[in-house]
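Q: This is the structure I have questions about; it appears just below.
The values are calculated or read from the model by the stated rules, or taken from the named source; none is laboratory data. As the structure is a prediction and not an experimental result, all values here were calculated from the model. As a convention, Cβ positions derive from the backbone with ideal geometry for all residues, glycine included, and neighbour counts pool all protein chains shown.
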Amino acid sequence: MFFKQFYDNNLSQASYLVGCQRTGEALIIDPVRDLTKYIEVADAEGFTITKATETHIHADFASGIRDVAERLKAHIYVSAEGDDQLSYKNMPEQTHFVKHKDIIRVGNIKLEVLHTPGHTPESISFLLTDEGGGASVPMGLFSGDFIFVGDIGRPDLLEKSVQIEGSTIISAKKMYQSIKSIKDLPDYIQIWPGHGAGSPCGKALGAVPMSTLGYEKINNWAFNETDENTFIETLTSNQPAPPHHFAQMKKINQIGMNLYEPYNVFHSVNNERIAFDLRDKEAFHGGHTHGTINIPFNKNFINQIGWYLDFEKGIDLIGDKDTVEQATHTLQLIGFDKVEGYRLPKSEVLTTSIHSADITGKEVNVLDVRNDEEWNNGHLEQAVNIPHGKLLNDNIPFNKEEKLYVHCQSGVRSTIAVGILEYKGFKNIVNVREGYQKFPESLK
């Protein structure tokens, strides 16, 4: 058996290629839109990709399952479990809808479908047995967003991103049952998850790429909480707010979108489009184009820019051509194909800033852009709290001519806020450089 994990650091997402060396067939699990890497590996190893499957309708990246069917003429397998209203629509002709205990075969490799709802109603996992290698017992579980290393999938995305009221508790109850349903599998079963550290699909995902069921039974909190009510409370509390693009991902992965096509981005002369500066925050503060928003191109790029994308409107990117091309490709992996142009950095505006230690507590206008949990753990009495992801669309209740101090926890989100405030017409912005964590203890 051939096995390879593909890990995308920008998405914190894992997909897999499994091949039967006796028959030369291969299958992709949870493919992204750009199939290039799977095809290159399959060709190098002498495989033909004949099948693909995915664990659920994803909310954090654009699925490539339809691309596999249309471009490679392969058979694809998706879940027939869950709510019909939330099920797959407009699927290609060679789609097979599978349910609990169904079998998918790729050569002499067997994948048994397990319905493991909780993250989503239709979520399935795949229990792999390498029959071609002489095995009669399963080797591992492709767990998608069901089990991660050290955590499990969040149950609240349908309610928070798709506005299905009451679905969080229902999904949490299902997750409790799903965890119970696999406890009797052997401890040696390997766990091949769909995400790692940095993904918003859970609270505390580990950075290790895979695990074993026995290890998770010992170390993963979800396997050690036997009281259902406590389990639900733990799972549903303090989940991070999902970026705005999650709602778009659920939509396009359910009903489909155009096939992936790479495209070139050319120098822009249109200064009216919203623009995102891809440089690090130090470079941005040292000089930037007025009203542009700083989203550094790093491993958190998608989680940050996802708050501000309108999938109906084009954007410009600011940076060197190579970085812009990489960022454009990464945006395509969440289904955003509307990077209209790029601009080179300029030094029109030098950010006004102060050290956090210099905050006196007497500042009149203070904007705190941290999340609800951080705010509830302590804040300046006179501050107004608007989480950074809401700044572009929410009303900001300050006079645009007066001095406005803006801070987050460590200085990253306040940098984003500076550009948004400029874009919205604020004239006198002061960035509190190190954030709330470095405020004088007397003010916390």
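Q: Could you tell me which of the residues Val149, Val113 is touching a strand residue (DSSP E or B) at 6+ places or on another chain (Cβ under 8 Å), without any contact (Cβ under 8 Å) to a residue 40 or more places away in the chain, assigned by TED's automatic domain parsing to the domain that holds Leu235 and buried (at least 21 other Cβ atoms within 10 Å of the Cβ)?
A: Checking each option against the conditions leaves just Val113.
Q: Check off (1) out of contact with any Cys (no Cβ under 8 Å at 6 or more places or on another chain); (2) at negative phi; (3) surrounded by 24 or more Cβ atoms within 10 Å (Cβ to Cβ) for Ala26 and give me the number that stays unchecked.
A: Just one mismatch for Ala26, condition (1).
Q: Scan the range 274-299 for residues that are within 20 Å of the chain's Cα centre (by Cα) and modelled with pLDDT of 95 or more and report the count.
A: 7
For (1) more than 17 Å from Lys4 (Cα to Cα); (2) touching a helix residue (DSSP H, G or I) at 6+ places or on another chain (Cβ under 7 Å); (3) surrounded by fewer than 19 Cβ atoms within 10 Å (Cβ to Cβ); (4) of a type outside the set (Phe, Trp, Tyr), each residue gets a yes or a no:
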{"position": "Thr36", "(1), (2), (3), (4)": "no, no, yes, yes"}
{"position": "Ala42", "(1), (2), (3), (4)": "no, no, no, yes"}
{"position": "Glu45", "(1), (2), (3), (4)": "no, no, yes, yes"}
{"position": "Ile49", "(1), (2), (3), (4)": "no, yes, no, yes"}
{"position": "Ala74", "(1), (2), (3), (4)": "yes, yes, no, yes"}
{"position": "Tyr77", "(1), (2), (3), (4)": "yes, no, no, no"}
{"position": "Gly82", "(1), (2), (3), (4)": "yes, no, no, yes"}
{"position": "Phe97", "(1), (2), (3), (4)": "yes, no, yes, no"}
{"position": "Lys101", "(1), (2), (3), (4)": "yes, no, yes, yes"}
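Q: Being under 19 Å from His56 (Cα atoms) and surrounded by fewer than 19 Cβ atoms within 10 Å (Cβ to Cβ) is the filter; apply it to the range 221-251 and report the residue that is farthest from the chain's Cα centre (by Cα).
A: Here the residue is Lys251.
Q: Name, by its number, the condition in (1) part of a loop (DSSP other than H, G, I, E, B); (2) surrounded by fewer than 18 Cβ atoms within 10 Å (Cβ to Cβ) that does not hold for Phe336.
A: (2)
Q: Could you check Glu401 against (1) outside any helix (DSSP H, G or I); (2) free of Cβ contacts under 8 Å to residues at least 24 places away in the same chain and say which number it fails?
A: Going through (1) outside any helix (DSSP H, G or I); (2) free of Cβ contacts under 8 Å to residues at least 24 places away in the same chain one by one, Glu401 breaks only (2).
Q: Could you pull out every one of the strands (runs of 3 or more DSSP E) wholly within the range 57-124 that has 3 or more residues that are within 20 Å of Val32 (Cβ to Cβ)?
A: Ranges flagged: 75-79.
Yes/no per residue for (1) in contact with a strand residue (DSSP E or B) (Cβ under 6 Å, 6 or more places away or on another chain); (2) in the same structural domain as Lys174 (by TED's automatic domain parsing); (3) among the polar types (S, T, N, Q); (4) modelled with pLDDT under 95:
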| position | (1), (2), (3), (4) |
| --- | --- |
| Ile39 | no, yes, no, no |
| Val68 | yes, yes, no, no |
| Lys73 | no, yes, no, no |
| Ser79 | yes, yes, yes, no |
| Gln85 | no, yes, yes, yes |
| Pro92 | no, yes, no, no |
| Lys101 | no, yes, no, no |
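Q: Just to check your reading of the model, which residue among Asp322, Asp372, Asp310 is modelled with pLDDT of 95 or more, surrounded by fewer than 13 Cβ atoms within 10 Å (Cβ to Cβ), under 24 Å from the mean Cα position of the chain (by Cα) and of a type outside the set (Ser, Thr, Tyr)?
A: Exactly one of Asp322, Asp372, Asp310 is modelled with pLDDT of 95 or more, surrounded by fewer than 13 Cβ atoms within 10 Å (Cβ to Cβ), under 24 Å from the mean Cα position of the chain (by Cα) and of a type outside the set (Ser, Thr, Tyr), namely Asp322.
Q: Additional query: Could you list all residues from the range 283-328 that are in contact with a Gly (Cβ under 8 Å, 6 or more places away or on another chain), farther than 25 Å from Lys250 by Cα and in a helix (DSSP H, G or I)?
A: Phe284
Q: Any residue at all in the range 259-282 that's basic (Lys, Arg), assigned by TED's automatic domain parsing to the domain that holds Ala69 and not in a loop (DSSP other than H, G, I, E, B)?
A: No, every residue in the range 259-282 fails to be basic (Lys, Arg), assigned by TED's automatic domain parsing to the domain that holds Ala69 and not in a loop (DSSP other than H, G, I, E, B).
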